[in-house]
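The values are calculated or read from the model by the stated rules, or taken from the named source; none is laboratory data. Here the structure is a predicted model, which means the values were calculated and not measured. Here the Cβ is made from the backbone with ideal geometry for all residues, glycine too, and neighbour counts use every protein chain on show. Note: accessible area is taken over every heavy atom of the protein model, side chains too, but ligands, DNA and RNA are not part of it. Shrake-Rupley method; radii C 1.70, N 1.55, O 1.52, S 1.80 Å.
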Amino acid sequence: MSLKNRISPEDRRKSLKNLLKEKDFIRAIEAHNGLSAIIANDIKEKVRNEIIEFDAIWESSLTDSATKGYPDAEIIGPESRYETIRQILHSSHKPLIVDGDTGGEATNFEYFVKNLEDFGVSMVIIEDKKFPKRNSLEAGAIQIQEDPDIFSIKIKRGKSVLLSQDFMIAARIESLISGAGIEDALFRARKYLMAGADAIMIHSKDSKPNDIFKFAEEYNKLSSELGFRKPLICVPTTYNTITEDQLKEHGFNIVIYANHLLRSCHKAMKETASLILRSQRCFEAEPMCSSVNTIFKDVGFLEVKEKDMKYSKGKTRVIIPAAGKEPIFKIPKSMIKINGKPILQRQIETLNSCGIYNITVVRGFKKELIDIPGVKYIDNEYYEDYGLLYSLFRAESEMEGGFIYINSDILFDRHIINSLLESKKDIVLVVDNSYAYHKHEIDKRLDLVMTLNKPSDQRRLLYSRDNEVIRIGKNIDKSMADYEYIGIAYFSEYGIDIVKKIFHDCSSNNRGCFHAVSIEKATFNDFIQEIIDRGFKVHNLEIHKGWIEIHNKKDLELAEKLI
Ligand code: SPV
Ligand code: MG
């Protein structure tokens, strides 16, 4: 349950009636638990230049029963249904339409209506079948309709217990399901409307919409005759090529996509389970799954994490691989002094100012010279033969829970680290968009990055926080590159998991060439490219300046001037 989708029962209850006044067409999608309700609530799409979303949620008897492993035949009792309803209400702020099955015996229905109204539900739909009903979609299932007068009394009795004007009772007509036909459906519609039904749902399991269109036409005539028109609802599970525009045109006011979230996850679950069996491990199934981080984000866990972090940033880990030897400098680069203070000292001070104290430095070349207090040291004795990736993994034990990776030869503003800590992605590279302005003046071989979405001039003003890296390396053509990678990256707990598995998989299985070198000599860029090539997402955090890299003596002079 997320704390963000809160609404009072009163406000939620009346929101469906309000929506029906505001617009002539409402779309509802099924949810069967808290998580599916979060998806139904939050999902948005841009269609024809308009951001659209679902207006309401449908609590379906079919999917509620199936989620609990039961057939849809009024076996699940009301307390169990209330539990699902509560989960949906706790996880969304949208109006909820509850599938009331037959409503049971009239006294049971009165209590059901009272409870739903108290919870803040906006509408219950009951179907005119005899208790216990059978789901309407299965061909050959015996469908027995209720006497229309008995059903009308049930509607009246339900209405009589209501405290508010906001709660609606809709009558669902099953004449097209039972085979009784359109005449019977219309006869019943008249009775139910006269009994006080607030809406009519006409159901059909035909693959074509002809019958429901015919019913809608007659319903419009009936409404004119009665002098009032109540909303008309349909569930196009079988006649699914029909569009919302066509339904609107024929006078429907609410469309319910009644089971698609359950059916889609059911299919995905089966495929994933089979793949794990076939692979005899779960690594291959990973790209088929939402990342744990996405789920954490959806269910509000990241909000919990953020609040925790706000009060204990000190737990964030940083790893700085500083083992390499740079021929033009006689000492480790991290000990090069800028205006009298070593780069590493400056890095530590910036990190400390962000509340970060858990810093590990991997030493190698002239390790005895790196001795600044306040950090933990791990040594890489093989720095001459092994590359940066190897140095990084010398500090594998320090990666637990997620960490920030920082090159040993850069200086950076604290806002970069703070933005990175707010990042909600699993693997994030910090990339600079100012590269575009100076790329042609620089002859150094930069760590260039290509992203999935090309940065536009407008996007340079509004930083893109949600772009994906598709290529990284020093060999990318400058005219093709979108950004420069600055040597700072973030790995969440889940990101670490991926990274560790890929590293160990490569180390044990890759005896030959690994991205133009060997795995032993691999660079950080090679490794990131491997992660991308294996189908995992690497995101970028776009910045504009605020850092400097000490590659050569010229950079050193520039840094001395700037600081
Ligand atoms: C449900 O979703 O439970 C419904 C619609 O009642 S149907 O399954 O088509 O009957
Ligand atoms: Mg149902």
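Out of all the residues in segment 191-217, which are surrounded by 15 or more Cβ atoms within 10 Å (Cβ to Cβ) and among the charged types (D, E, K, R)?
191, 198, 205, 211, 214
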Filter pass, residue 389 being part of a helix (DSSP H, G or I), aliphatic (A, V, I, L, M), at pLDDT 95 or above and in contact with a helix residue (DSSP H, G or I) (Cβ under 6 Å, 6 or more places away or on another chain): no
Residue within segment 302-313 that is at pLDDT 90 or above, in a helix (DSSP H, G or I), in the same structural domain as residue 406 (by TED's automatic domain parsing) and not basic (Lys, Arg) present: no
Residue satisfying condition, being in the same structural domain as residue 14 (by TED's automatic domain parsing) and within 12 Å of ligand 2 (Cβ to nearest atom), within set 103, 77, 120: 103
Selection from segment 46-81 of residues that are of a type in the set (Gly, Ala, Ser), away from ligand 1 (no atom under 11 Å from the Cβ) and buried (at least 18 other Cβ atoms within 10 Å of the Cβ): 56
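Mind checking which residues of segment 531-546 are more than 22 Å from the chain's Cα centre (by Cα) and surrounded by fewer than 18 Cβ atoms within 10 Å (Cβ to Cβ)?
533, 544, 545, 546
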Filter pass, residue 8 being out of contact with any Phe, Trp or Tyr (no Cβ under 7 Å at 6 or more places or on another chain) and crowded, with 17+ Cβ neighbours inside 10 Å: no
In segment 351-392, the residues that are under 36 Å from the mean Cα position of the chain (by Cα), among the hydroxyl-bearing types (Ser, Thr, Tyr) and open to solvent by 30 Å² or more (accessible area, probe 1.4 Å): 353, 357, 390
Hits in segment 134-152 - residues which are more than 13 Å from ligand 1 (Cβ to nearest atom) and either loosely packed, with under 14 Cβ neighbours inside 10 Å or part of a loop (DSSP other than H, G, I, E, B) (or both): 140, 142, 144, 146, 147, 149, 150
Residue 239 free of Cβ contacts under 8 Å to residues at least 40 places away in the same chain and surrounded by 16 or more Cβ atoms within 10 Å (Cβ to Cβ): yes
Considering residues of segment 18-35 that are touching a residue at least 60 places away in the same chain (Cβ under 8 Å) and more than 16 Å from ligand 2 (Cβ to nearest atom) only, the residue farthest from residue 166 (Cα to Cα): 35
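Checking the structure you have, find out if any residue of segment 121-133 is more than 28 Å from residue 176 (Cβ to Cβ), open to solvent by less than 10 Å² (accessible area, probe 1.4 Å), away from ligand 1 (no atom under 11 Å from the Cβ) and in contact with a strand residue (DSSP E or B) (Cβ under 8 Å, 6 or more places away or on another chain).
For segment 121-133, residues more than 28 Å from residue 176 (Cβ to Cβ), open to solvent by less than 10 Å² (accessible area, probe 1.4 Å), away from ligand 1 (no atom under 11 Å from the Cβ) and in contact with a strand residue (DSSP E or B) (Cβ under 8 Å, 6 or more places away or on another chain): absent.
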Unmet criterion (only one of (1) surrounded by fewer than 20 Cβ atoms within 10 Å (Cβ to Cβ); (2) in contact with a Gly (Cβ under 6 Å, 6 or more places away or on another chain); (3) of a type outside the set (S, T, N, Q)) for residue 330: (2)
Selection within segment 277-294 - of a type in the set (A, V, I, L, M), open to solvent by less than 70 Å² (accessible area, probe 1.4 Å) and in a helix (DSSP H, G or I): 292
Every residue from segment 91-115 that is of a type in the set (A, V, I, L, M) and either within 16 Å of ligand 1 (Cβ to nearest atom) or open to solvent by 10 Å² or more (accessible area, probe 1.4 Å) (or both): 96, 97, 98, 106
